[in-house]
Amino acid sequence: MGGRPMSMAKLAKTDGSIDAGGAARPVKISCRNVWKVYGDDPGGFFTDGDGKVADADGLLTRIRDGGHITAAADVSFDVHVGEVFVIMGLSGSGKSTMVRCLSRLVEPTAGEVLFDGRDLLRVSKEELIEIRRHKLGMVFQNFGLLPHLSVLDNIAFPLKVQGIDETERRRRAREVVELVGLAGREDAYPRELSGGQQQRVGIARSLVVEPELWFLDEPFSALDPLIRRQMQDEFLRLQRMLHKTIVFITHDFLEALRIADRIAIMKDGQVVQLGSPADIVLHPATDYVAEFTEDVPLVRVIQVADILEPATAELTAPGSAPGTPQQEVRPEMTLEEIMPHFALHGSGLAVTGPDGAIIGQVTPRGVVKALAAGEQRTSA
């Protein structure tokens, strides 16, 4: 399949460090050498608190031999502004521990968590409370709604905790009700809502504080498959509008494919691979990763940017720009999304950049070649 041209790499959805215009995104939160060890004396394994060790594998052996349990081991990654960063793995892999370490709902044993350059593990309890109230949003698998409060009051509750007056907090809550599609249900109680509606309330409650960083820990896993798909669509719609910086936890690789800019796969508390969805599917680093990805259809992974060809003179001639919005093709779209368009444009599809200008084309021949190359790589 070959590497994509640099100009296209900057346009692709899957590089979280680059925005749609090709500019480098600043880092919002950094995880540096984070460890979480459970046992009688977990701190005794670290000479200082920064988590940096010369031999991580050797330390893991000493921790295990000492009767301790490692939930997170030397984990490092950056999450960029506006990026959807997915952490995934099987049960017990450490993914939920990590998101709780980032917010200090679980105290890391060692390491650094830098939020806008400031180490959250070094701030006071009072400062941490203020950061959580005003800058962090959290949604968990358990909706956690207050049964005696209406939808509107549940959503407004974080603002009440902040000390905002009732008129203002109800105004802001109503705005978010509209945003998540719950207009008309403001006075309902949680027991009167479906599972999907309850999760919308949870999402709205986390958004009402206008967080700079949004944590979602398997928010849709308790929902029925159809509702789950609808909530994923809703999540993507909200992200297109709000451009939040998001850390999303899931064990479902297909869900990760739909929403992720980048994915970190964890096993036994360690990150075993970090990259774009296409990188992970086409180039699994370990057998563990390969098992995760073996049933993933390549049409859901390979993007237009991966197979972009120079536009023909026909496509770039005056007045020949793509017609209806339904036929617009963008670099970040997957092959699954564009293939129906070939029914009307069998010779090729024009690809447009952020400014609407034609930047290349995709052809049926290019799609077939990419899928064949992908199958060869995954088989190998």
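The values are calculated or read from the model by the stated rules, or taken from the named source; none is laboratory data. Since the model is a prediction, treat every value here as computed from it, not as a measurement. Cβ: placed from backbone, ideal geometry, glycine included. Neighbour counts: every protein chain shown.
Taking helices (runs of 4 or more DSSP H) that do not extend beyond the range 230-293, which have at least 1 residues that are in contact (Cβ under 8 Å) with a residue 24 or more places away in the chain and under 12 Å from the mean Cα position of the chain (by Cα)?
253-259, 277-282
Considering only the range 87-109, how many residues are aliphatic (A, V, I, L, M) and in contact with a Leu (Cβ under 9 Å, 6 or more places away or on another chain)?
If we filter the range 87-109 for residues that are aliphatic (A, V, I, L, M), which is where we start, we get 87-88, 90, 98-99, 102, 105-106.
Next, only the ones that are in contact with a Leu (Cβ under 9 Å, 6 or more places away or on another chain) stay: 99, 102.
Number satisfying all stated conditions: 2.
Determine the pairs where a residue that is over 14 Å from I302 (Cβ atoms) and free of Cβ contacts under 8 Å to residues at least 40 places away in the same chain, located within the range 334-357, has a partner that is part of a loop (DSSP other than H, G, I, E, B) and among the charged types (D, E, K, R) with Cβ atoms under 7 Å apart, the partner being 6 or more residues away or on another chain.
T352/E328; T352/R330
Within the range 164-180, which residues are in a loop (DSSP other than H, G, I, E, B) and crowded, with 16+ Cβ neighbours inside 10 Å?
Selection gives I164, V180.
Here are the criteria: (1) under 26 Å from the mean Cα position of the chain (by Cα); (2) in a helix (DSSP H, G or I); (3) over 30 Å from P42 (Cα atoms). Tell me which single one L145 does not satisfy.
(2)
Does F77 satisfy the condition of being crowded, with 21+ Cβ neighbours inside 10 Å, assigned to a strand (DSSP E or B) and either in contact (Cβ under 8 Å) with a residue 24 or more places away in the chain or on the phi < 0 side of the Ramachandran plot (or both)? It would help to see each step written out before you state the result.
On the way: crowded, with 21+ Cβ neighbours inside 10 Å: no; assigned to a strand (DSSP E or B): yes; either in contact (Cβ under 8 Å) with a residue 24 or more places away in the chain or on the phi < 0 side of the Ramachandran plot (or both): yes.
In short, no.
Could you tell me which of the residues Q361, Q303 is surrounded by 17 or more Cβ atoms within 10 Å (Cβ to Cβ), under 23 Å from the mean Cα position of the chain (by Cα), of a type outside the set (A, V, I, L, M, F, W, C) and at pLDDT 85 or above?
None of the other options fit; the residue is Q303.
Going residue by residue through the range 57-70, is there one that turns out to be touching a residue at least 40 places away in the same chain (Cβ under 8 Å) and either in contact with a Ser or Thr (Cβ under 8 Å, 6 or more places away or on another chain) or surrounded by fewer than 22 Cβ atoms within 10 Å (Cβ to Cβ) (or both)?
no
Here are some residues: R205, R200. Which one is in contact with a Gly (Cβ under 7 Å, 6 or more places away or on another chain), buried (at least 21 other Cβ atoms within 10 Å of the Cβ), closer than 26 Å to M98 by Cβ and of a type in the set (D, E, K, R)?
Being in contact with a Gly (Cβ under 7 Å, 6 or more places away or on another chain), buried (at least 21 other Cβ atoms within 10 Å of the Cβ), closer than 26 Å to M98 by Cβ and of a type in the set (D, E, K, R) holds for just one of R205, R200, which is R200.
I'm trying to understand the selection: among the residues of the range 185-219, which are touching a strand residue (DSSP E or B) at 6+ places or on another chain (Cβ under 8 Å) and in a loop (DSSP other than H, G, I, E, B)?
Of everything in the range 185-219, those that are touching a strand residue (DSSP E or B) at 6+ places or on another chain (Cβ under 8 Å) and in a loop (DSSP other than H, G, I, E, B) turn out to be V209, P211, E212, E218, P219.
Quick check on the range 86-120: of everything there that is within 21 Å of the chain's Cα centre (by Cα), buried (at least 22 other Cβ atoms within 10 Å of the Cβ) and in a strand (DSSP E or B), which residue is modelled with the lowest pLDDT?
The qualifying residue modelled with the lowest pLDDT is M88.
Looking at R132, is it within 16 Å of S103 (Cβ to Cβ), surrounded by fewer than 20 Cβ atoms within 10 Å (Cβ to Cβ) and touching a residue at least 24 places away in the same chain (Cβ under 8 Å)?
Yes: the conditions hold for R132.
I'd like to know if the range 314-325 contains one or more residues that are within 29 Å of the chain's Cα centre (by Cα) and at pLDDT 90 or above.
Kept after step one, since they are within 29 Å of the chain's Cα centre (by Cα), are these residues of the range 314-325: 325.
Subsequent filtering for residues that are at pLDDT 90 or above retains none.
Taking every residue of the range 314-325 in turn, none turns out to be within 29 Å of the chain's Cα centre (by Cα) and at pLDDT 90 or above.
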